[in-house]
Every structure is written in structure tokens, then in C-alpha cells.
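The values are calculated or read from the model by the stated rules, or taken from the named source; none is laboratory data. All of these numbers come straight from a predicted model, not from anything done at the bench. FYI the Cβ positions are ideal-geometry reconstructions off the backbone, even for glycines, and counts take in every protein chain you see. Note: areas computed on protein heavy atoms with side chains; ligands, DNA, RNA excluded. Shrake-Rupley method; radii C 1.70, N 1.55, O 1.52, S 1.80 Å.
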Amino acid sequence: MFSQVLTIVLPVFLLVGIGYATARTGILSQAVGEALGQFVYVIAIPVLIFKTLATVSSDTDAPWAMWAAYFGGVALAWTAGTLIIRKLFAREARAGVIGGISAGFANTVMVGIPLVSAVLGKDGLVPLILLISVHLPVMTIVTAILMERAAALDGTAEARSALVVLRSILASLVRNPIVIAIVSAMVWRLIGLPLTGILEDVLSRISATSLPLALLSLGMSMVLYGIRGNLLPGLLLSLIKVGVMPGMVLLLALHVFHLPPLWTAAMTLTAACPTGVNAFIFANRYGTGHAMSANSITLTTAAAVLTCGLWVILLDRLGLIGVPGG
């Protein structure tokens, strides 16, 4: 059974490995990796998201139950990660927030989209992109508010009002390429314009580059992270990220919100994705938790072939997906 799963999952993470090898050996420079990542983030992935949302079936209901199932898993993983860093390792409040991010912030774009597409096909991208439409704003707002409170608790800064923080975040989000793509797709659907002909062909060609290039650029960026000292916090956060979080999302989706099998599988696989690089970005921005976030990203990404493969097997055993030959 695992050999069949590997044929689906392994190519996804081999591309990450190829990207890492080209950067580590110097075949391609770090500048090339950064430019590739910029292209993926600013153009290729937004085009894929726009094309998917602009053409998704109009009878799709607002996925409140799906969002609740996924963010319920995020809340549990985030709380567990924060408590471990605060109570077990006696770190400051700001480090606790970074611990929560590292345990609950999945790489929904660079890994989630290629993984879900490989396992579930184009239909699986619909619930994932509907999740992505709220994932970044929700996670960014929650992170900023919690970090403001944590900075006040640590005595490193005066707490700003939630309104001031929200204004700053919204100003940043309106310039985000993914947010722009989502809003543009909604406007396109609202107007009722068709997506056909030359425009569809061009968008299809660009979006076809998004998945392999996303994985290659992620692999190249992994050279920046690596394993840093004090490994145990990152290891525990990684176990929560790839074990506890997808398990909770699966339970909520199946037994509380009764999501359709495809949507349950898509949310579980997304939750099982490695820690997103946003964890390290936030650690840099707020000046704490660099090692734990870098270790979480590296460990969860390195183990993703095995961990994601095991979740695919479980989803197949539960009858939520069908693995060819399984």
C-alpha cells in the first residue's frame, strides 16, 4: 500500500529535494531561488487561485463548517505549542506565540496546493483555495494581536489598541498578491464574465508552472533555515504540527461538522503539511523564537514524505479517498 502512496506523494517532495540540492551545491544561486520564489508568490500562485475561484461551481455554499473544522485544529495545535514553550521551556510570552505559529501554521500554498492536487486532483483544490482565501488574513491578524499582547506582557513594548493593529494589518493585506487574486476572482464572478479563449489559455499556461516551481523554490529556500541549536522545542512543535493538528481537523470534519469526504480529505492533508515559512518570518519580525521556528520548518519538511504519506494511507483506509492499486 505504501508503495502506491509513494508514487503519488514522493514526486511532490522530490521537487523540494531537487530545489534544496541545487541551492546547497551552488548550481543555482540564492538570488535565483529568491527570484523564483517571487515569481511563484506574486504571479504563478495568484493566477492559479484566480483561475480556480473564477470558474468554481456557483452552487458551492459558504464553507463555514470547513473553516470551523480546520481552524479548530489550528486552535488546538497553537494552544499546545504555546503552552509547551511557555510552561515546559519557561520562555517569554513572545516566544510562546512563535511556538503556537510553528505548531499551527501550515504551508498551505507552497506545499498544500501541490500535495492536494497530486492526491485529490483539481476537485480537491476547490476547498483548499476556499481555505486559503481566509487563512492568511485570519492567521496574520491573530498573530499580530497575540504578539502585541505578548510584547506588553514581556515589557518590551507598550500594547497598541486592537484597532491600530488591525489597520496596519489590513494595509499590508490589500497589497498581498494572493489577497488581490482572491478579490479579483470574486469580482469576476460577480460580473459574470466568462473565462474562455486566449485569456483562459494564457492563465492555464502560467498556472501550470505554479506547482513545480513552488516546490523547487521552497527547496531552495530551505538552505536558509536548517537545524539550529536547542532542537527539542522544534521537535515537539513538529510532532504537534504533523500529528496532532491533522488528527484534530480530521475528527472535527468527520464527527462534528460532517464534511463531504473530498473536503475532509483536503482539509486533513492541508493540516498535515509542513510548518509554513511564515513562522520564521514572524520570528524575525518580532526578534524571538528563531531556532524553534527554523527547526520546525526544517524537520516537518524533511519528514513530509513519510508523514503526509501516512495520512494519505489513513484517509484511504477510512474510505475518504481512493489510492490506485491500494
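For the residues LEU199, LEU218, LEU236, the requirement of being closer than 19 Å to PHE13 by Cβ and part of a helix (DSSP H, G or I) singles out LEU218.
Would you pick out the residues in region 255-277 that are surrounded by fewer than 22 Cβ atoms within 10 Å (Cβ to Cβ) and in contact (Cβ under 8 Å) with a residue 24 or more places away in the chain? The answer is VAL256, PHE257, HIS258, PRO261, LEU262. A residue that is surrounded by fewer than 20 Cβ atoms within 10 Å (Cβ to Cβ), among the β-branched types (Val, Ile, Thr) and over 21 Å from LEU128 (Cα atoms) occurs somewhere in region 31-48. Only residues that are open to solvent by 10 Å² or more (accessible area, probe 1.4 Å) and either among the small types (Gly, Ala, Ser) or closer than 24 Å to LEU254 by Cβ (or both) were counted in region 75-92, giving 6. Considering region 110-159, the residues that are outside any helix (DSSP H, G or I) and not charged (D, E, K, R) include one that is farthest from GLY100 (Cα to Cα), namely GLY121. Against the definition (modelled with pLDDT under 85, in contact with a helix residue (DSSP H, G or I) (Cβ under 9 Å, 6 or more places away or on another chain) and open to solvent by 30 Å² or more (accessible area, probe 1.4 Å)), how does ALA171 come out, yes or no? So ALA171 fails the test.
Among the residues of region 267-275, are any out of contact with any helix residue (DSSP H, G or I) (no Cβ under 7 Å at 6 or more places or on another chain), at pLDDT 90 or above and in a helix (DSSP H, G or I)? No, the conditions are met nowhere in region 267-275.
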